[in-house]
Amino acid sequence: MIKKIAFISGALFGSLTVMSVLFKLLHYQGASVLLIAGLTGISLVFIPFYAKYRYDKTE
């Protein structure tokens, strides 16, 4: 279960971050909001779940 959450959240927030960079380059509105949401999600959701998954895998 943790593996699924880690990889789905990584794909979701990673794609949000990449899409926000594209929006920034094209000067679209909402790019800053997407960037903040993507980076916050990566730091608060993906990294802890991935670390927990890796920790459980080594045991």
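Structure above, values below:
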quantity: Tabulated pairs, the stretch 1-15, first modelled with pLDDT under 95, second of a type in the set (S, T, N, Q) and exposed (fewer than 14 other Cβ atoms within 10 Å of the Cβ), C-beta under 8 angstrom, 6+ apart or interchain; calculated: none
quantity: All positions within the stretch 29-43 that are under 16 Å from K4 (Cα atoms) and not small (G, A, S); calculated: I42
quantity: The stretch 1-40, residues that are of a type in the set (A, V, I, L, M), more than 8 Å from the chain's Cα centre (by Cα) and under 19 Å from Y53 (Cα atoms); calculated: M1, I2, I5, A6, I8
quantity: Residue match in the stretch 30-39 (condition: outside any helix (DSSP H, G or I) and exposed (fewer than 14 other Cβ atoms within 10 Å of the Cβ)); calculated: yes
quantity: Any hit, the stretch 49-59, residues being surrounded by 14 or more Cβ atoms within 10 Å (Cβ to Cβ) and small (G, A, S); calculated: no
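The values are calculated or read from the model by the stated rules, or taken from the named source; none is laboratory data. Note that the coordinates shown come from a computational prediction; the quantities given were computed from them, not determined experimentally. Reconstructed Cβ throughout: ideal geometry from the backbone, glycine too, with neighbour counts over all protein chains shown.
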